[in-house]
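The values are calculated or read from the model by the stated rules, or taken from the named source; none is laboratory data. All values reported here derive from a predicted model rather than from experimental measurement. Here the Cβ positions follow ideal geometry from the backbone for every residue, glycine too, while neighbour counts run over all protein chains shown.
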Amino acid sequence: MVSGNIPLYANLSEKRIHDSAIRDLCAEFSKPEEFIRPLYEKSLIEMKKKARIKDFLPILACRRVRDLVTPIFACKQKMDMKMFHHPDTSQ
C-alpha cells in the first residue's frame, strides 16, 4: 500500500513491470531480491505519491536505487583495494 488504502501496484501488469525492473537491478548489482526490493519499493512509494505520469516510474525508481547502491559498492571496492595494496618497502 502506498498510503491509506492505495495499493502499491495498480494491477498485475504493473506489478510484473516493477518485478522485472527489480530483477534487472539484482542482476546488475549481483545482490539478492531481499536487498534490492525494499529500496526499490520505498523509492516507488515516495514517487508514486507525487507522480502525475506513472509510465516513467520504473525508470525513475531504478535510477534512485542505483544512486543509493552505487556509492555503497564504490566504497566497498575502495576498501578492498586498500586491503590488497602492498606498498613497496624495498627503497
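For the condition under 20 Å from Leu8 (Cβ atoms), at pLDDT below 95 and assigned to a helix (DSSP H, G or I), Lys54 does not qualify.
Scanning the range 5-26 for residues that are within 17 Å of Met47 (Cβ to Cβ) and either at pLDDT below 95 or hydrophobic (A, V, I, L, M, F, W, C) (or both) yields a count of 9.
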